[in-house]
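The values are calculated or read from the model by the stated rules, or taken from the named source; none is laboratory data. Since this is a predicted model, take the numbers as computed values, not measurements. A quick note on method: Cβ atoms are made from the backbone with ideal geometry, for glycine too, and the neighbour counts reach across all protein chains shown.
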Amino acid sequence: VTIIFKHPDGEETRVDSPVGETVMRVAVEAGIPGIVGDCGGNLSCATCHCYVDPAWGSSLPNMSADEETMLESALDVTLESRLSCQIVVTAELEGIRLMIPESSL
Ligand code: FES
């Protein structure tokens with residue numbers, strides 16, 4: 001599954017991911033700056049904050065209450081914000097574009 005990370009400078013990095021992986025792990029393994037995943041995906045750090053391209057927002061399951069709570073501690077949160085450790089890669093997400101917040105660099 002191809003995941004496209006858009007950096008704050010407009011550059012994009014395309015990464016191939018297996019189904020079932022979380023977007024946070026895909027980003028960390030690919031060395032995407034701005035996605036750190038300090039807590040290992042346990043919803044206790046918000047260092048995996050990203051923006052989901054609005055075209056893809058409706059393809060994702062809704063946020064859990066825990067994700068919403070943790071997201072409050074991220075910087076520059078918008079309606080497109082998600083914690084990437086909570087996004088599991090599925091075949092339907094082929095070509096999804098995620099923007100890295102400038103404040104995460
Ligand atoms: Fe810590 Fe996502 S990796 S909240």
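Assorted remarks:
- Of all residues making up segment 39-58, the number that are out of contact with any Lys or Arg (no Cβ under 8 Å at 6 or more places or on another chain) and either modelled with pLDDT of 95 or more or within 6 Å of the ligand (Cβ to nearest atom) (or both): 10
- Out of Val36, Val77, one residue alone is in a loop (DSSP other than H, G, I, E, B), out of contact with any strand residue (DSSP E or B) (no Cβ under 9 Å at 6 or more places or on another chain), β-branched (Val, Ile, Thr) and at pLDDT 95 or above. It is Val36.
- Within segment 13-33, residues that are over 16 Å from Arg82 (Cα atoms) have Cβ atoms under 7 Å from residues that are assigned to a helix (DSSP H, G or I) and modelled with pLDDT of 95 or more in these pairs: Val15/Val26; Ser17/Val26; Val19/Ala91, counting only partners at least 6 apart in sequence or on another chain.
- Flag for Glu94 being acidic (Asp, Glu), at pLDDT 95 or above and closer than 17 Å to Ser17 by Cα: yes
- Every residue from segment 1-56 that is over 20 Å from Glu72 (Cα atoms) and of a type in the set (S, T, N, Q): Thr2, Thr13, Ser17, Thr22
- Residue count for segment 50-66 under the criterion of being in contact with a Leu (Cβ under 7 Å, 6 or more places away or on another chain), over 18 Å from Gly34 (Cα atoms) and not in a helix (DSSP H, G or I): the result is 1.
- Total residues in segment 73-93, condition closer than 17 Å to Val28 by Cβ and not charged (D, E, K, R): 8
- Answer from Thr47, Thr13, Thr69 - the residue that is of a type in the set (Val, Ile, Thr) and assigned to a loop (DSSP other than H, G, I, E, B): Thr47
- In the set Glu29, Glu68, only one residue is within 14 Å of the ligand (Cβ to nearest atom), under 22 Å from Pro8 (Cβ atoms) and at pLDDT 95 or above; that residue is Glu29.
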